[in-house]
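Participant: What follows is a structure written as C-alpha cells; I'll ask about it next.
The values are calculated or read from the model by the stated rules, or taken from the named source; none is laboratory data. Everything numeric in this text was worked out from a predicted model, so none of it was measured. Please note: Cβ atoms are built from the backbone with ideal geometry, for glycine as well, and neighbour counts cover all protein chains shown. Areas reflect the complete protein model, heavy atoms only, side chains present, ligands, DNA and RNA absent. Shrake-Rupley method; radii C 1.70, N 1.55, O 1.52, S 1.80 Å.
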Amino acid sequence: MVCQEEILIEKVCDLYEQISSLETLKPCKNVDMLFTELVLTCMPPSPIDVTKLPKTIQEKRSHLIRLCGEAEGYLESHYSAILGSYQNPLHHLHIFPYYSNYIKLGHLEFSILSQHCSHVPSKIAFIGSGPLPLTSIVLASNHLPSTIFHNYDIDPLANSSAEHLVSSDPDLSNRMIFHTNDILDVSDDLKEFEIVYLAALVGMNKEEKNRIIDHLEKHMAPGALLMLRSAHGARAFLYPVVESSDLRGFEILSIFHPMDEVINSVVISRKYHMPIHSLDQGLGSMILPNKCSEIQVFNPLRSLNHGNMIEELTIEDQLL
C-alpha cells in the first residue's frame with residue numbers, strides 16, 4: 001500500500017510540475033490533456049491521507065488546488081460564453097464536458113436533502129456560483145421547481161454571464177437571483193435561507209475555508225442546513241478537504257464519498273439551535289429539536305467496516 005501511495009504521489013507531483021509550468025490555464029489541447037490525466041490519476045479510491053504528507057508535498061498540493069480552481073474558472077467561462085451564444089442556452093448544457101457529473105451530483109445532493117428536511121425550501125443560497133451555475137440550474141430544473149435560488153459570487157463578470165444563461169428561460173429567470181458580493185460581507189441576508197450551499201473552491205485552503213464556515217455559522221438561521229463539498233483520498237489533491245472539526249457550531253448529519261466520476265464528497269450539517277460551548281465532545285452525535293425533527297439524524301462517526309473509511313457513509317451504503 002505504501003508503494004502504491006508513493007507511485008500516486010510521484011505521478012501527481014510530476015503532473016503538478018507540468019501544470020505549474022504552463023503559460024496559460026485557459027482551455028486548449030495541452031491544458032485539457034494534463035488536467036484530464038490529473039483527474040484520472042486522483043479518481044480511483046485511495047486510503048491516502050493528504051494531511052499526513054510531508055510539508056513539501058503539502059505545499060505543492062495547496063498550489064495545485066489553486067491551479068485547478070483557476071483552470072476550472074477558465075473552463076466554465078469558456079463554456080458559458082459558448083452557451084450564451086445560443087438563443088436558448090439551457091437547451092445546450094450537454095456540450096459542457098462535465099454536465100453529466102452535475103446531473104449525478106444534483107440527484108445525490110437532493111436525495112441527501114430529502115432525508116434531512118421535511119418540506120420544500122422556499123429559498124436556497126449558493127455561494128460561489130460562478131459563470132456556469134450548473135448546480136443551481138440542475139436543482140431548480142430537475143428537483144426543486146418552486147424554490148428560489150440566490151447565487152452569490154464575488155466576480156461581477158461571472159454573475160453577468162450566469163444571468164445571461166437563464167435570461168431566456170421564463171421560469172428560471174424569475175427563480176435565479178444573482179448577487180455580486182464577497183460572502184464575508186453578507187450577514188443579515190443569510191438568515192433568510194433554509195439551506196446554504198458552499199462551493200468546493202470557495203476558500204482554497206483550510207484557513208480561508210474555516211473563516212467562511214465560521215462566518216456562516218455566525219449569521220445563518222438556527223436550524224438551517226449547510227451543504228458543503230469536500231474531497232476524500234487522492235481527490236484531495238484537486239479540492240480542499242472539510243473535516244468534521246472545521247464545522248464548529250454545526251451538527252454533522254451526513255458525509256458521502258462518491259466512488260465514481262463525481263469527484264466531490266458531500267457534507268451536510270445543521271446549525272445548532274443554541275450555542276454549543278464544547279464541540280470537541282460528541283460532535284455530530286447530538287440530536288436537537290428542529291423543524292425537520294421527524295428525520296432521524298445518525299452519527300456519521302461510526303465504523304462501517306470499510307477499511308480506512310471509518311467515519312462516513314459512501315453513496316452505495318446510503319442509497320441501498
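Participant: Among the listed pairs 29/104; 26/52; 191/218; 52/104; 29/206; 104/218, which have their C-alpha atoms separated by more than 20 angstrom in this model?
Facilitator: Long pairs (Cα-Cα over 20 Å): 29/104; 26/52; 52/104; 29/206; 104/218.
Participant: Also, I was wondering about something else. Which net charge results for the neighbourhood of residue 26, defined as the other residues with beta-carbon distances under 12 angstrom from its beta-carbon, given Lys and Arg at +1 and Asp and Glu at -1?
Facilitator: On the way: positive: 29; negative: 23, 32, 70, 72, 76.
Local net charge: -4.
Participant: May I ask you to give the percent of accessible area on the chain that is carbon plus sulfur, with a probe radius of 1.4 Å?
Facilitator: Ligands and nucleic acids excluded, carbon and sulfur reach 54 percent.
Participant: Next up: Accessible area per residue for the stretch 20-126 in Å², computed with a 1.4 Å probe and the full protein assembly in place, what is it?
Facilitator: On the way: 5610 Å² over 107 residues.
About 52 Å² of surface per residue is accessible.
Participant: Give me the Å³ per residue figure for the convex hull around the C-alpha atoms of the stretch 93-221. Before the final figure, lay out each step's value.
Facilitator: Numbers: hull volume 14.5 nm³, N = 129.
Here the figure is 112 Å³ per residue.
Participant: Just the Kirkwood number for the stretch 211-280, please: inverse of mean 1/r across all distinct Cα pairs, in Å, one decimal. Walk me through the numbers on the way to the answer.
Facilitator: Working: mean 1/r = 0.0783 Å⁻¹.
With all distinct Cα pairs of the stretch 211-280 included, I get 12.8 Å.
Participant: Now for a different question. Under 14 Å Cα to Cα from residue 60, which aspartates and glutamates show up? Leave out anything in the same chain fewer than 8 places away.
Facilitator: 10, 14, 17
Participant: Please report, in whole Å³, the volume per residue of the convex hull around the C-alpha atoms of the stretch 44-163.
Facilitator: On the way: hull volume 17.4 nm³, N = 120.
About 145 Å³ per residue, rounded to a whole number.
Participant: Then there is this: If one puts a single equal scatterer on every Cα of the stretch 37-100 and applies the Debye formula without solvent, what log₁₀ I(q)/I(0) results at q = 0.21, 0.28 Å⁻¹?
Facilitator: Summing over Cα pairs of the stretch 37-100 leads to -0.93, -1.22.
Participant: Here is a follow-up. What ranking, highest mean first, results for peptides 256-266, 100-110 when packing means the other Cβ atoms within 10 Å averaged over each residue? Display every interim value, and only then the final one.
Facilitator: Numbers: 256-266: 19.5, 100-110: 17.4.
Final packing ranking: 256-266, 100-110.
Participant: Something else about it: Evaluate the chain: find the radius of gyration of its Cα atoms, find its Kirkwood radius, and give the ratio Rg to Rh.
Facilitator: Reported Rg/Rh, Kirkwood definition of Rh: 0.95.
Participant: What residues qualify as long-range amide H neighbours of residue 126, i.e. H under 5 Å apart, gap of 5 or more or another chain, H built at 1.01 Å from N?
Facilitator: 150, 151, 152, 197
Participant: Heads up, I need the accessible area for residue 248: 1.4 angstrom probe, whole protein in place, Å², nearest 10.
Facilitator: Approximately 100 Å² of residue 248 is accessible to the 1.4 Å probe.
Participant: Ok, one more. Evaluated at 25 °C with a viscosity of 0.890 mPa s, what Stokes-Einstein diffusion coefficient in µm²/s does the stretch 1-71 have when Rh comes from the Kirkwood expression over alpha-carbon pairs? Show your work: numbers first, answer last.
Facilitator: Details: Rh = 12.8 Å.
Translational D for this selection: 192 µm²/s.
Participant: Can you work out the base-10 log of I(q)/I(0) for the stretch 118-175 at q = 0.12, 0.17 1/Å, using the Debye formula on its C-alpha atoms alone?
Facilitator: For the requested q values the scattering log ratios are -0.25, -0.50.
Participant: To check you understand DSSP bridge types, tell me what percent of the beta bridges within the chain (both residues inside) are antiparallel, rounded to 5.
Facilitator: Values: 12 of 32 bridges.
Of the beta bridges lying entirely in the chain, close to 40 percent run antiparallel.
Participant: Separate question: Please report the base-10 log of the normalised intensity I(q)/I(0) for the stretch 193-233, using a Debye sum with one equal scatterer per alpha carbon and no solvent, at each q in 0.20, 0.21, 0.24, 0.34 (1/Å).
Facilitator: Relative scattering, expressed as log10 I(q)/I(0), comes to -0.62, -0.67, -0.84, -1.24.
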